[in-house]
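Read the structure below first, then the notes.
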Amino acid sequence: MTSQISSLRRALRTDFTSSVVVFLVALPLCVGVAVASGVPAELGLITGIVGGLVTGFLPGSSLQVSGPAAGLTVLVLTAVQEYGLPALGVIVLATGLIQLALGAMRLGRLFRATSLSVVHGMLAGIGLVLIAGQLYTLADRKAPGSGTSNVAGLPGLAADVLGSGPALTAVGIGAGTIVIMALWKRLPGKAQLLPGPLVAVGAATLATVAFDLPVVRVEVSGLVQAIQPPALGDFGKLTDVGLVTTVVAFTLIASAESLFSAAAVDRLHDGPKTDYDKELMAQGAGNTVCGLLGALPMTAVIVRSAANVQAGARTKVSRVLHGVWLLLFAALLPGALGVIPTAALAGVLIHAGFKLLPVRELGPLWREHRGEAVVLVITAGAILVTNMFEGVLIGLLLAVVKTAWETSHVHIDVDDNGTGAVRVRIRGHATFLRLPHILDTLEQLPAQRPIELNLAGLRHLDHACMSALQNWADQHNAHTVQPERTRASA
């Protein structure tokens, strides 16, 4: 009994310190994601608070931490620009209710059936769009809008920055933030007790205040004032096909990101593993509350979750407490947000965007699984050129086509001794995708010789191939040996 009490105390002590670490990681990310999404900074904190105090209490994954994610920034910004901030609550609320329904129907595991190349391509595409957009914020400029226009406008942005002193100052602040975060992990372990993003934003803020630098800072409205529950009239926008499509995109991407994050977190610790259906319902409950408050959508965030595990967390107490610290900060020190330069937050998100790019993995993937690499690159490019939803659909379609092509391998062996019947054996998977190759090979056989067509080695024979081979056999008076289930003579 005494040993159990002692172990419980140790667990609570480590959970307490872990919660502080997660809070320090989450604070700049919550604010940065909100600013990049075109909404008040406080809405990011509200989502982080809900992620701790609501989702944190629920079963699913005990060590995974939820909050606003950089991966949804582009989608949120587009939705707010197109439908207005009041509609955001409706979109997030609908997303949460759908997630609750999917979890209740035990469909959480289905999200694990997504091609990894599509997921990595999705994250890479998000990273590219995020970087392209935040480069403008880094210079205290407004981004043109879409991913392609942001990329196309970069030369003009560079020229503008070089001719403007305040813009160069903002870029210096943002670049310094990125450098600090990049170098922070190379310091000794004890120095890393403070999270890199917090140190970087803190240093940028101190420099801005100390030298009174002419850069744009975060606009503060207050936690209570930032809450904008959707009005009854806002729900009428659900009749808009485009808004419904946005809800579907939010649901798919938020759910997939959360559950893939859960799989990654499970590999980081030896404790209880994730129940995917319960985790999906926990995310749905959190998004439902966020929607009612008009806040940002929520996902599980791998950066915070990994920090939680690495800090020694053992139970869900740490993630709940991190929500408490966010609430206390937002309630007691809201004015502290107003001194943070937006260029520093842009630096945090640009750094996060680069971490989404599979730079090191792409080379080995190209050498070992070239088709997967092609799907990844095309998915990322499609998201940059079109939008998140269409890009992911293109990636999924490519993954299905690639899989269908790879699983329809067929081998044709021709045994021709120069006299007698020509023996042809077809093995593997005969589908309509390989039908042109099969027929081309058969049509090159001697027309005046008897032919024995052996299909016994086929593992799969679809209707199109069966009909075509039967027709060819009838025309050439060949003898066909069928697989066991359909053995017959042509």
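The values are calculated or read from the model by the stated rules, or taken from the named source; none is laboratory data. In this text, all values refer to a predicted model and were calculated from it rather than measured experimentally. So basically every Cβ, Gly included, is an ideal-geometry build from the backbone, and we count neighbours across all protein chains shown. Protein only, heavy atoms only, side chains kept; ligands, DNA and RNA dropped before computing areas. Shrake-Rupley method; radii C 1.70, N 1.55, O 1.52, S 1.80 Å.
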Can you list residue pairs whose Cβ atoms sit under 6 Å apart, with the first residue in the stretch 252-264 being under 17 Å from Gly51 (Cα atoms) and the second being assigned to a helix (DSSP H, G or I) and open to solvent by 30 Å² or more (accessible area, probe 1.4 Å)? Count only pairs 6 or more apart in sequence or on different chains. Ser261/Ile302
Could you check how many residues of the stretch 119-169 are β-branched (Val, Ile, Thr), farther than 23 Å from Lys355 by Cα and out of contact with any Pro (no Cβ under 7 Å at 6 or more places or on another chain)? 1
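Restrict the check to the stretch 143-155 and report whether at least one residue is of a type in the set (A, V, I, L, M, F, W, C), open to solvent by less than 40 Å² (accessible area, probe 1.4 Å) and part of a helix (DSSP H, G or I).
If we filter the stretch 143-155 for residues that are of a type in the set (A, V, I, L, M, F, W, C), which is where we start, we get 143, 151-152, 154.
Those left that are additionally open to solvent by less than 40 Å² (accessible area, probe 1.4 Å): 143.
In the following step, the residues that additionally are part of a helix (DSSP H, G or I) were identified as none.
No, the stretch 143-155 contains no residue that is of a type in the set (A, V, I, L, M, F, W, C), open to solvent by less than 40 Å² (accessible area, probe 1.4 Å) and part of a helix (DSSP H, G or I).
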Please determine whether any residue of the stretch 262-272 is surrounded by 18 or more Cβ atoms within 10 Å (Cβ to Cβ), among the small types (Gly, Ala, Ser) and under 30 Å from Thr169 (Cβ atoms). no
Condition check: aromatic (Phe, Trp, Tyr), free of Cβ contacts under 8 Å to residues at least 60 places away in the same chain, farther than 22 Å from Thr55 by Cβ and open to solvent by 20 Å² or more (accessible area, probe 1.4 Å). Does Phe235 satisfy that? no
Could you list all residues from the stretch 273-316 that are among the hydrophobic types (A, V, I, L, M, F, W, C) and at pLDDT 90 or above? Leu280, Met281, Ala282, Ala285, Val289, Cys290, Leu292, Leu293, Ala295, Leu296, Met298
Residue count, the stretch 280-301 (criterion: within 18 Å of Asp266 (Cβ to Cβ) and not hydroxyl-bearing (Ser, Thr, Tyr)): 6
How many residues are buried (at least 24 other Cβ atoms within 10 Å of the Cβ) and either of a type in the set (D, E, K, R) or in a helix (DSSP H, G or I) (or both) when one looks only at the stretch 43-71? 14
Looking at (1) crowded, with 24+ Cβ neighbours inside 10 Å; (2) in a helix (DSSP H, G or I), find the lone condition where Leu110 falls short. (1)
Considering only residues that are open to solvent by less than 50 Å² (accessible area, probe 1.4 Å), assigned to a strand (DSSP E or B) and more than 15 Å from Gln470 (Cβ to Cβ), which ones fall in the stretch 450-459? none
Within 29 Å of Leu194 (Cβ to Cβ), buried (at least 20 other Cβ atoms within 10 Å of the Cβ) and at pLDDT 85 or above: which single residue out of Val92, Val39 fits that description? Val39
Please indicate, with yes or no, whether at least one residue in the stretch 244-252 is under 29 Å from Lys316 (Cβ atoms) and touching a strand residue (DSSP E or B) at 6+ places or on another chain (Cβ under 9 Å). no
Output the number of residues of the stretch 428-449 satisfying the condition of being part of a loop (DSSP other than H, G, I, E, B) and either closer than 20 Å to Leu461 by Cβ or open to solvent by less than 30 Å² (accessible area, probe 1.4 Å) (or both). 2
With Ile178, Ile173 as the choices, which residue is touching a Gly at 6+ places or on another chain (Cβ under 6 Å) and part of a helix (DSSP H, G or I)? Ile178
